[in-house]
Amino acid sequence: MSVSDQRLSQIIARFAELEARLASGTLEGGEFIAASRDYAELEPVARVAEQVRAMRGELESLAALDDPEMRDLAEEEIARLKTALPDAEHRLAIAMLPRDSADARPAMLEIRAGTGGDEAALFAADLFRMYERFAAEQGWRVEVISANANELGGFKEVVANVAGQGVFARLKFESGVHRVQRVPVTESGGRIHTSAATVAVLPEPDEVDVQIEDKDLKIDIYRASGAGGQHVNTTDSAVRITHLPTGLVVICQDERSQHKNKAKAMQVLRSRLYEKMRDEAQGAEAEARKAMVGSGDRSERIRTYNFPQGRVTDHRINLTLHRLPEVLEGPGLGELVDALIAEDQSKRLAAMDA
C-alpha cells in the first residue's frame with residue numbers, strides 16, 4: 001500500500017497541529033484528554049511519515065543533481081535510499097492500518113482445563129505461569145480474580161486481570177485451544193498423553209462502555225468451598241452473578257469479603273459482555289480476522305506443546321520453535337506473539353491492496 005505525498009503532508013500537518021495545541025496550554029478537561037489521545041495515536045504514524053517524506057525528497061534532489069564531480073557519491077546515496085525506502089514505506093503502511101479500538105486496553109485472561117483430567121489442570125497451571133512470566137517481562141501487572149485449583153496444584157479454572165500498556169494487542173491471538181503432549185506426573189507407565197486447556201483473552205472495558213442495570217442481575221451469595229483458609233465453609237462470601245438477558249454466569253469466591261468478590265465478579269462479567277458486544281458489532285470484520293490468523297474461538301486448536309521433542313507449534317501460521325522450555329518460561333512466547341501480529345498485519349495489508 002503506497003501512501004501519496006499529499007497524504008504524507010496531511011498526516012504531518014495534523015500531527016504538528018496537535019503538538020501546537022497541546023503546547024499552547026489553553027486546553028483543559030475533556031479537550032486536553034481528547035487531544036492527548038489523538039496525539040498518542042498519531043505520533044508513531046507521523047514519525048514514520050516524516051522519515052518517508054524526507055527520504056523521497058532526498059531521492060528527488062539527488063536525481064536532479066548535475067554536478068559531475070558529485071555524481072558518484074550521489075549514485076551511492078541513491079542506491080542506499082532505494083534500498084531503505086521500501087522498508088520505511090512498509091512500516092508506514094503498517095502504522096496506518098486501522099487499529100482495534102480495544103488494543104490499548106487491559107485484558108481478562110481466562111484459562112480452563114480441557115480434556116485430560118488432572119494432567120489438563122496441571123497444563124492449565126503451566127500456561128498461567130507462562131503468561132505471568134511473559135507479563136512480568138512486558139512490565140504488566142497480573143491480578144488473579146478467581147482460581148479453582150485441584151489437589152496437585154493445577155487449575156481447573158483461573159481468571160486473571162492483566163493490566164499494562166497494549167496488553168490486549170499483544171495477547172488477543174492467544175485465545176483458543178492449547179494442546180500438550182507429554183508423560184503426565186500421574187502416569188506410572190511412561191506413556192505420552194495428550195491433554196488440552198482453553199485460553200480466552202477478553203478486552204477489559206471501562207464502566208461507561210458497558211451499562212449493566214441492577215434489574216438484569218441475579219446475585220446469589222453462598223458459602224465458599226475449596227482451598228482458602230479458615231474462612232472457607234464458615235462465611236457466606238462467595239458470589240454468583242447471573243446476567244439475565246444473556247444468561248452469562250460469573251462466580252467469584254477467592255476473597256474473604258463478599259463485597260470484593262462481587263466487585264471482581266462484576267469486572268469479569270463486564271469484560272464478557274463487552275466481548276459479546278464487539279463480536280456482534282464487528283460482523284464481517286470478525287470473519288475476515290478469522291481467516292487471517294484464526295478466530296480465537298475456544299473450540300479451535302491453535303497450538304501444540306510437545307515435550308518429548310521440545311517443540312511448540314502454532315498451527316495457524318505453521319511456525320514451530322524447538323525451544324519449549326524458553327517459551328514456557330515467558331521470553332520465547334514473545335517470538336510467537338510477534339509472528340502472529342506480523343501475519344495479521346500482512347494479511348490486512350494485502351486485503352487493503354486487493
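The values are calculated or read from the model by the stated rules, or taken from the named source; none is laboratory data. Since the structure is predicted, the reported quantities are computational estimates derived from the model, not experimental observations. So basically every Cβ, Gly included, is an ideal-geometry build from the backbone, and we count neighbours across all protein chains shown. The protein model used for the area step is the full one, side chains on, heavy atoms only, and it has no ligands, DNA or RNA in it. Shrake-Rupley method; radii C 1.70, N 1.55, O 1.52, S 1.80 Å.
Under a 5 Å amide H to amide H cut-off, with H placed in plane at 1.01 Å, what residues pair with Arg311 once short-range neighbours are removed?
Those qualifying (amide H under 5 Å, at least 5 residues apart or on another chain) are Asn306, Leu324.
So, counting K/R as plus one and D/E as minus one, what does the shell of residues with Cβ under 9 Å around Glu119 add up to? Intermediate results must be reported in sequence, preceding the final value.
Numbers: positive: Arg182; negative: Asp118, Glu187.
Once all neighbours under 9 Å are counted, the net charge is -1.
Of Lys276, Lys215, which has the most accessible area and how do the rest follow, probe 1.4 Å?
Order by accessible area, largest first: Lys215, Lys276.
So how do 61-70, 91-100 stack up, highest first, on mean other-Cβ count within 10 Å?
Highest to lowest by the protection proxy: 91-100, 61-70.
Report the equivalent ellipsoid semi-axes for segment 7-122 in whole Å, largest first, defined as the square roots of five times the eigenvalues of the gyration tensor built from alpha carbon atoms.
One finds semi-axes of 43, 28, 9 Å for segment 7-122.
Could you compute the net charge surrounding Ser146? Neighbours are other residues with a C-beta less than 10 Å from the C-beta of Ser146; K and R count +1, D and E count -1.
Result for the local shell: -3.
What does the C-alpha gyration tensor say about the overall shape of segment 88-231? Classify as rounded when a/c is under 1.5, otherwise prolate if a/b is larger than b/c, or oblate.
On the way: a/c = 2.40, a/b = 1.26, b/c = 1.90.
Cα axes put segment 88-231 in the oblate bin.
Please say if segment 313-354 is rounded, prolate or oblate, where rounded means a/c under 1.5 for a ≥ b ≥ c the square roots of the C-alpha gyration tensor eigenvalues, and otherwise the choice is prolate for a/b larger than b/c and oblate otherwise? Write out the running numbers ahead of the final one.
Values: a/c = 5.22, a/b = 2.60, b/c = 2.01.
Here segment 313-354 falls in the prolate category.
Carbon-plus-sulfur fraction of the accessible area of the chain, 1.4 Å probe, in percent?
In the chain, the share of accessible area belonging to carbon and sulfur is 50 percent.
Taking only the alpha-carbon atoms of the chain, what semi-axes of the equivalent ellipsoid follow from 5 times the gyration tensor eigenvalues under a square root, in whole Å, largest first?
46, 28, 16
So for Met130, Met352, Met55, what's the accessible-area order with a 1.4 Å probe, most first?
Result of the area sort, largest leading: Met352, Met55, Met130.
Take every Cα pair under 8 Å in the chain that's 6+ residues apart, average their separations, divide by the length, and report that relative contact order as a whole percent.
Result for the chain is 15 percent.
Accessible area per residue for the chain in Å², computed with a 1.4 Å probe and the full protein assembly in place, what is it?
52
Among the complete DSSP H segments of the chain, which ones combine at least 20 Å of alpha-carbon extent along their axis with a mean Kyte-Doolittle hydropathy of 0.0 or more?
Working: long enough: 5-24 (28 Å, -0.11); 29-63 (49 Å, -0.17); 71-95 (35 Å, -0.36); 117-138 (32 Å, -0.14); 258-282 (36 Å, -1.52); 333-353 (30 Å, 0.11).
Those that clear 20 Å and a mean of 0.0 are 333-353.
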